[in-house]
Amino acid sequence: MTFVVNSSGGGGGITNGGFESGLTGWTASGSTATSATSHTGAAAARVGSASPFNGDSSLAQTFNAPATGGTLTFWYRVVCTDTVTYDWATATLRDNATGATTTLLPKTCTNTRAWVQVSSSVTSMRGHNVTLTLANHDDNYSADPTWTDYDDISVQ
């Protein structure tokens with residue numbers, strides 16, 4: 001299922017990019033929840049689980065990129081004690097008008113537990129319907145569950 005979200009507020013098309021309203025506005029797959037470990041505010045999205053999980057988990061939101069273009073930004077914090085061969089976080093942006101997909105966050109597996117910012121221009125997608133997917137993969141090995149917290153997603 002896909003939601004088309006149009007926002008007139010400061011999110012620039014993204015609804016609930018701070019996850020202060022839980023996962024409202026997002027389509028969830030696999031293991032997802034909110035987390036009190038946030039970049040700002042009281043909540044973030046947790047994709048994956050602190051318990052081993054077999055496979056992919058994701059949150060996705062479809063929205064209209066601003067007619068003036070802009071920059072999509074988000075923060076992520078991956079907890080991955082394995083290697084990118086087995087576990088990872090990734091994020092993509094698909095232009096539903098052209099079918100082109102941009103990898104915003106290549107597969108990554110680190111355990112610094114630090115928040116990292118990602119930014120990407122959406123100028124080439126001006127006015128297009130696009131889908132942002134925030135993902136996490138865990139190989140279900142009991143000694144190294146992997147999850148990723150995402151927060152403060154906006155287009156400006």
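Every number here is computed from the coordinates shown, using simple stated rules; none is lab data. Keep in mind the model is a prediction, meaning the values are calculated, not measured. Glycine also receives a Cβ, built like all others from the backbone with ideal geometry; neighbour counts cover every protein chain displayed.
For the chain, DSSP calls about 95 percent of its internal beta bridges antiparallel.
Take every Cα pair under 8 Å whose residues are at least 6 apart in sequence, average their separation, divide by the length of the chain, and the relative contact order is 34 percent. Modelled spin labels at S119 and T103, positioned 7 Å past Cα toward Cβ, are 2.2 nm from each other.
Would you mind getting me the FRET efficiency between N96 and A28? Use the beta-carbon distance for r and R0 = 22 Å, nearest 0.05.
Working: r = 19 Å, r/R0 = 0.88.
Using R0 = 22 Å, I get an efficiency of 0.70.
When each of the peptides 118-129, 76-87 is scored by the mean number of other C-beta atoms lying within 10 Å of its residues, the order from highest to lowest reads 76-87, 118-129.
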